[in-house]
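Here the structure comes first, spelled out in structure tokens, and everything after it is commentary.
The values are calculated or read from the model by the stated rules, or taken from the named source; none is laboratory data. Being a predicted model, the structure only gives us computed values, none of them experimental. So basically every Cβ, Gly included, is an ideal-geometry build from the backbone, and we count neighbours across all protein chains shown.
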Amino acid sequence: MVLERQWESAKSPKPLVARQLPVPEPGPDQVLVRVAACAVCRTDLHVVDGDLAEPKLPLVLGHEIVGRVETVGARVADLAPGDRVGVPWLGWTCGECRYCRSGRENLCESARFTGYHLDGGYAEYTVADHRFAFPLPESYGDAEAAPLLCAGLIGYRTLRLADESIPGGARRLGIYGFGAAAHLIAQVAVHQGRTVYAFTRPGDEAGQRFAYDCGAAWAGGSDQAPPEELDAALIFAPVGALVPEALRHLVKGGVVVSGGIHMSDIPSFPYRDLWEERVIRSVANLTREDARRFLEIAPQVPVRTHTKTYRLEEANRALDDLRAGRLEGAAVLVIDRR
Ligand SMILES: [Zn+2]
Ligand SMILES: [Zn+2]
């Protein structure tokens, strides 16, 4: 399913078209992956809509890929045909820039991202650099594992950055936007003994029930105040107005972390809401270390993924359901071969 051009203003109901493409050839450091499932991420919508500039075009979207290695390139020794791997958003880094050399490859100057600069997993086959493909916990089925690869990883990094700001870690967590990332990281947070307060769109009772199912101690609308002040607020909805809203509910020294790659503008707010050492920060991408750590933690919790599956040729419908907020959990394309 191919994106041939971005849609700056008109939100097309069918931005992707089915095309017959040649099976890609893996380079020396790559593996050819036969795709089994690929989850649908909000970032895919941002690429479709033109919020993220200059993608490879035409492009195969998709960066939460689960599949099996079919063939390996000449320099690949750690993977073999038949191995199951997960391929995430971070597709390649240079290893040489100031960010790569300081353990921040997520900020690499010349990083290449799956389903953005590189063809991704809305397809029957894809290629991936073996250094950026991960073995997956065996307890997960293919479709179940797919959302771990972005929603899970980004959720995990968002929580990790919140903890960096709070001595002893963030115990009282607010989570704004209870979708794919939130439902996974909420389970991890509850497992770790934290208290989770979930914020949905005002009046979204189904979303609030879903949050309770994932272990939240309280769920309400984003216009409501939580029962107690928050150490940290994680924001997964692409809505800038939630930043000053969440900031008002923080303890002194508390932190708002925005997990999204794109957000509407943040309205102005009084300095007193930020004062007393409150912090606002963002998350960009992920490191391989995040992936290894989260994929180790997920089966221990165990994190359960809530998925709605679609056939590959229904990718446009999956994107549309995500845009309209019709999903609980994550949309996953399942590649069936006839
Ligand atoms: Zn780099
Ligand atoms: Zn993503």
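Kindly indicate which of 288, 278 is more than 16 Å from ligand 1 (Cβ to nearest atom) and touching a helix residue (DSSP H, G or I) at 6+ places or on another chain (Cβ under 8 Å).
Selected residue: 278, the only one of 288, 278 that is more than 16 Å from ligand 1 (Cβ to nearest atom) and touching a helix residue (DSSP H, G or I) at 6+ places or on another chain (Cβ under 8 Å).
When 105, 109, 64 are checked against the criterion of being crowded, with 24+ Cβ neighbours inside 10 Å and of a type outside the set (Phe, Trp, Tyr), 64 stands alone in meeting it.
In summary, residue 151 fulfils each of the numbered conditions (1) at pLDDT 95 or above; (2) under 23 Å from residue 185 (Cβ atoms); (3) buried (at least 23 other Cβ atoms within 10 Å of the Cβ); (4) within 15 Å of ligand 2 (Cβ to nearest atom) with the single exception of condition (1). Any residue at all in the stretch 27-34 that's farther than 30 Å from residue 264 by Cα, within 16 Å of ligand 1 (Cβ to nearest atom), surrounded by 15 or more Cβ atoms within 10 Å (Cβ to Cβ) and in contact (Cβ under 8 Å) with a residue 60 or more places away in the chain? Yes, some residue in the stretch 27-34 is farther than 30 Å from residue 264 by Cα, within 16 Å of ligand 1 (Cβ to nearest atom), surrounded by 15 or more Cβ atoms within 10 Å (Cβ to Cβ) and in contact (Cβ under 8 Å) with a residue 60 or more places away in the chain.
For the stretch 272-292, a residue qualifies if it is among the small types (Gly, Ala, Ser) and assigned to a helix (DSSP H, G or I), and exactly one does: 291. Under the condition of being part of a strand (DSSP E or B) and within 15 Å of ligand 1 (Cβ to nearest atom), the residues counted in the stretch 78-99 number 3. Of all the numbered requirements in (1) touching a Ser or Thr at 6+ places or on another chain (Cβ under 8 Å); (2) within 11 Å of residue 173 (Cα to Cα), residue 194 misses one, and that requirement is (1). Just one of the listed residues (178, 210) is crowded, with 22+ Cβ neighbours inside 10 Å, outside the structural domain of residue 324 (by TED's automatic domain parsing), under 13 Å from residue 325 (Cβ atoms) and under 18 Å from the mean Cα position of the chain (by Cα), and it is 178.
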